[in-house]
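Everything below concerns the one structure shown next.
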Amino acid sequence: MSAVLQKYLPEHAVEPVFELIKANHVHLKIVNERQTRHGDYRRHPDGFHQITVNANLNKYRFLMTLIHEIAHLVAFEKYGRNIMPHGTEWKITFQHLMIPFIRPEIFPHQILPLMARHFRNPKASSDTDAKLSVALKQFDERNTENNYIFEIPFGSTFRIKNGKVFKKMALRVKRYECLEVSTGRMFLFQPNAEVEVISN
């Protein structure tokens, strides 16, 4: 397992993560990309703990995702199965497990301040923290044909992964209001959504 983790994690995170996996009896599965989630945790009826993480994540997001899912396991074991999945107990557990990894031997220096800020009050998904998400995405093998929605001009027409086409209209607080061309309905997009520009 340690040899497998070396492929997916920052070098100095491998041993402490391996110890967490062993201590919590985690069966880790590394799976093909899923559009809707980076990872998940399931406790099987026989008490077997399974965590899945997407194989295509860069090593920093892989680490965050794996610790996120281990935090679910630890929080449920400590506080009981009736807690909210991303409630206070999970947040405290995630902070406790993640803080030892927020150091320069593991994360690039430009990400550390964003990590420190994010973990004051961690969210259900790091994707909702636009600044951290964009900082982490620079380490992805990114499709260079895509842009972040915050980068494209207002009035641009763009396509998302499912093929739907939108026009960027206005900024609403922190998110962008976009018109779905085929239906005329308005949708809100996070600034770090990756889109394919059709025309400016």
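The values are calculated or read from the model by the stated rules, or taken from the named source; none is laboratory data. If you're wondering where the values come from, they're calculated on a predicted model, not measured in any experiment. Ideal geometry is used to build each Cβ from the backbone, glycine not excepted, and the neighbour counts take in all protein chains shown.
Hey, among HIS49, HIS38, HIS86, which residue is surrounded by 17 or more Cβ atoms within 10 Å (Cβ to Cβ), modelled with pLDDT under 95, farther than 22 Å from GLN138 by Cβ and in contact with a Lys or Arg (Cβ under 7 Å, 6 or more places away or on another chain)?
Numbers: HIS38 fails: farther than 22 Å from GLN138 by Cβ; HIS86 fails: in contact with a Lys or Arg (Cβ under 7 Å, 6 or more places away or on another chain).
Result: HIS49 is the single residue among HIS49, HIS38, HIS86 that is surrounded by 17 or more Cβ atoms within 10 Å (Cβ to Cβ), modelled with pLDDT under 95, farther than 22 Å from GLN138 by Cβ and in contact with a Lys or Arg (Cβ under 7 Å, 6 or more places away or on another chain).
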Condition first: touching a residue at least 60 places away in the same chain (Cβ under 8 Å) and assigned to a loop (DSSP other than H, G, I, E, B). Now tell me which residues in region 121-130 satisfy that. SER125
Give the residue that is surrounded by the most Cβ atoms within 10 Å (Cβ to Cβ), with candidates limited to residues of region 183-200 that are part of a strand (DSSP E or B) and of a type in the set (D, E, K, R). GLU194
For region 158-167, state whether one or more residues are under 24 Å from ALA55 (Cα atoms), outside the structural domain of MET64 (by TED's automatic domain parsing) and in contact (Cβ under 8 Å) with a residue 60 or more places away in the chain. yes
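Let me confirm something: among ALA75, ALA55, ALA13, which residue is touching a residue at least 60 places away in the same chain (Cβ under 8 Å), surrounded by 11 or more Cβ atoms within 10 Å (Cβ to Cβ) and in the same structural domain as PRO122 (by TED's automatic domain parsing)?
Details: ALA75 fails: touching a residue at least 60 places away in the same chain (Cβ under 8 Å); ALA55 fails: touching a residue at least 60 places away in the same chain (Cβ under 8 Å).
Result: ALA13 is the single residue among ALA75, ALA55, ALA13 that is touching a residue at least 60 places away in the same chain (Cβ under 8 Å), surrounded by 11 or more Cβ atoms within 10 Å (Cβ to Cβ) and in the same structural domain as PRO122 (by TED's automatic domain parsing).
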Working carefully through the options ILE106, ILE92, ILE102, ILE149, find the one that is over 13 Å from PRO191 (Cα atoms) and crowded, with 19+ Cβ neighbours inside 10 Å. ILE106
Among the residues of region 85-120, how many are part of a loop (DSSP other than H, G, I, E, B) and either outside the structural domain of ILE51 (by TED's automatic domain parsing) or small (Gly, Ala, Ser) (or both)? 1
Out of the residues in region 109-146 that are under 15 Å from the mean Cα position of the chain (by Cα) and β-branched (Val, Ile, Thr), state the one that is surrounded by the most Cβ atoms within 10 Å (Cβ to Cβ). ILE111
The number of residues in region 147-182 that are under 26 Å from ARG34 (Cβ atoms) and either assigned to a strand (DSSP E or B) or polar (S, T, N, Q) (or both) is 12
Just one of (1) under 23 Å from the mean Cα position of the chain (by Cα); (2) over 28 Å from GLY39 (Cα atoms) trips up ILE198, so point out which. (1)
